[in-house]
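The values are calculated or read from the model by the stated rules, or taken from the named source; none is laboratory data. This structure is a prediction, so every number in the text was calculated from the model and none was measured. Reconstructed Cβ throughout: ideal geometry from the backbone, glycine too, with neighbour counts over all protein chains shown.
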Amino acid sequence: MDNKYVATIGLEIHAELKTASKMFCSCKNDPDEPKPNQNICPVCMGHPGTLPVLNKQAIKHVLKIGYAVNGNIADFTEWDRKNYFYPDIPKGYQISQYKYPLVSGGELAGIKLTRIHLEEDTAQSTHDIHKKSLINFNRSGVPLMELVTEPVIHDAETAVTFAKELQLLLRYVGAGEANLEKGEMRVEANISVASPENTLAQKFGTKTEVKNLNSFRAVEKAIAYEIQRQSKLLERGEKVVQETRGWDENSGTTYSQRLKESSHDYRYFPEPDIPKLKISEISEFNKENITKETKELPWIKRERFTKVFGMTEKEVAVFVEQSEVADYYENVVKDNSKIIKLSTNYILSDYLGLLKKEGKEISKISTTIIAVNFSKLMTMLENRKLSSRGAKDTLAIMMNDNSDPEILAEKNGLIQKNDEGEIKKIVEEIVKNNTSVVEDFKKGKAPALQFLIGQGMKLTKGSANPELLKKLILEVINA
């Protein structure tokens, strides 16, 4: 982007919530239902005379997020009818929240929030090659959380960081899986550009809203493109039109969809069929009871893993982003602080690699090799009962035999040999059979020594103590 302009970005993020039933009826909330129009009823199909009933679990999920981001939880809240006419809105209006959201304010990943509210999702439209549109109402009425940030983001990278942190938070509190590829989390970006002076004076440019962002990569690329597009328009003395734009992944460009609506276009009015709520009068919704159900938040875990386990930023990122891996790791090291570093390395570099190679899900980490056995394997490595090679080979065997690693290592001849007499015989044979390499070492060629040690490890199938091998090779050479 040209330095003459500053971008201002606000995000609107919708996330489907994980509940047994839909927002206002008892239909199953199943994002993986393959058959269209299976989980439907007169309520979510908008039949006349039906009455909506609130989903308590959906409200609790939004409150969990609200407390986590230190937002202001509403004392009084109500639902509203947001009127617009699309084929995927069977009632001709969407039940949402306007004036009284469940959560206002708060902060996440350093970005200030405007509000978090609860509404129902729309149905799903698909368009086939024959230019026909089909509608699947399975998604209609699914609980949908909408989070709106303040317009305080100024680049695409920060926007993506925020969206990733929200996805992580939704997963940590059990509110939803938030898979962008499945449409369970949908990001919309409001973008404007203006001169630095105007931006400082809170005079922003004309904003456009970009929709259809179904991956973090798309979020980053679409925002960057839109900043560049608007900057070029202003550079040429043209005006930016306030509109809704789509994102075309193939061409890497945004395109005009329709003029942007304002809130008055939706003719909001309070939903008469849903009672008003006083959150403070419902004990289940108070902070103490809600936070009891919430495990350690991602940023707290990040800080703890850095301080307690001495992990690097990259190491912490893997453990925090995959909570099953973090839980497993803590079970491995809980009784032996000496294996902290070894366990970090072997889980990240070896165990996760083997799981991927064998096509096993991360969720299988604690059952493929139980934590107590992995811990014992690391303790054997720490105590030099196993060499690094021996530990890796034992680990590979354990992937299909979840039993005591010591028994497996013994059975496969992998226990590290520390018997000087036995190893010395092997060393003498190596020196005898590699006279030219020995001469190279004597002439000062350091790699020759590593070759001789490698030969020792090869002959002992990785079971010799490499330090002892080195010591004995030097002794035999210099004898």
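Of Leu297, Leu277, Leu259, which residue is in contact (Cβ under 8 Å) with a residue 40 or more places away in the chain and over 30 Å from Ser337 (Cα atoms)?
The unique qualifying residue is Leu277.
Would it be correct to say that Ser251 is farther than 28 Å from Arg171 by Cα, exposed (fewer than 11 other Cβ atoms within 10 Å of the Cβ) and in the same structural domain as Arg217 (by TED's automatic domain parsing)?
yes
Does segment 17-42 hold any residues that are part of a loop (DSSP other than H, G, I, E, B) and either more than 14 Å from Asp121 (Cβ to Cβ) or free of Cβ contacts under 8 Å to residues at least 60 places away in the same chain (or both), and which are they?
Hits for segment 17-42 are Ala20, Ser26, Asp32, Pro34, Lys35, Pro36, Asn37, Gln38, Cys41, Pro42.
Which residue out of Val332, Val308 is of a type in the set (Val, Ile, Thr), exposed (fewer than 14 other Cβ atoms within 10 Å of the Cβ) and at pLDDT 95 or above?
Answer to the check: Val308.
Would you pick out the residues in segment 52-72 that are surrounded by fewer than 24 Cβ atoms within 10 Å (Cβ to Cβ) and among the β-branched types (Val, Ile, Thr)?
Those that are surrounded by fewer than 24 Cβ atoms within 10 Å (Cβ to Cβ) and among the β-branched types (Val, Ile, Thr): Val53, Ile59, Val69.
Any residue at all in segment 407-418 that is farther than 29 Å from Val333 by Cα and not small (Gly, Ala, Ser)?
no
Counting only residues that are among the charged types (D, E, K, R) and either outside the structural domain of Thr344 (by TED's automatic domain parsing) or not in a helix (DSSP H, G or I) (or both), how many does segment 377-397 have?
Adding up the residues that qualify gives 2.
Residues checked against (1) farther than 18 Å from Val160 by Cα; (2) touching a Gly at 6+ places or on another chain (Cβ under 8 Å); (3) part of a helix (DSSP H, G or I):
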{"site": "Lys203", "(1), (2), (3)": "yes, no, no"}
{"site": "Gln228", "(1), (2), (3)": "no, no, yes"}
{"site": "Glu238", "(1), (2), (3)": "yes, no, no"}
{"site": "Gly246", "(1), (2), (3)": "no, no, no"}
{"site": "Arg258", "(1), (2), (3)": "yes, no, no"}
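Quick test for you: out of Ile279, Ile339, pick the one residue that is under 27 Å from Ile65 (Cβ atoms) and either surrounded by 14 or more Cβ atoms within 10 Å (Cβ to Cβ) or in contact with a Leu (Cβ under 6 Å, 6 or more places away or on another chain) (or both).
Ile279
Under 6 Å by Cβ, and 6 or more places apart or on different chains, what pairs join a residue from segment 211-232 that is within 14 Å of Gly246 (Cβ to Cβ) with one that is in a helix (DSSP H, G or I) and among the β-branched types (Val, Ile, Thr)?
Within 6 Å, the pairs are Leu213/Val219; Val219/Val160.
Okay, residues lined up against (1) of a type in the set (D, E, K, R); (2) in contact (Cβ under 8 Å) with a residue 60 or more places away in the chain; (3) assigned by TED's automatic domain parsing to the domain that holds Glu382:
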| position | (1), (2), (3) |
| --- | --- |
| Lys443 | yes, no, no |
| Pro447 | no, no, no |
| Ile453 | no, no, no |
| Lys458 | yes, no, no |
| Ser463 | no, yes, no |
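Check off (1) assigned to a helix (DSSP H, G or I); (2) over 30 Å from Ile453 (Cβ atoms); (3) within 20 Å of the chain's Cα centre (by Cα); (4) without any contact (Cβ under 8 Å) to a residue 12 or more places away in the chain for Gly353 and give me the number that stays unchecked.
Among (1) assigned to a helix (DSSP H, G or I); (2) over 30 Å from Ile453 (Cβ atoms); (3) within 20 Å of the chain's Cα centre (by Cα); (4) without any contact (Cβ under 8 Å) to a residue 12 or more places away in the chain, the lone unmet condition for Gly353 is (2).
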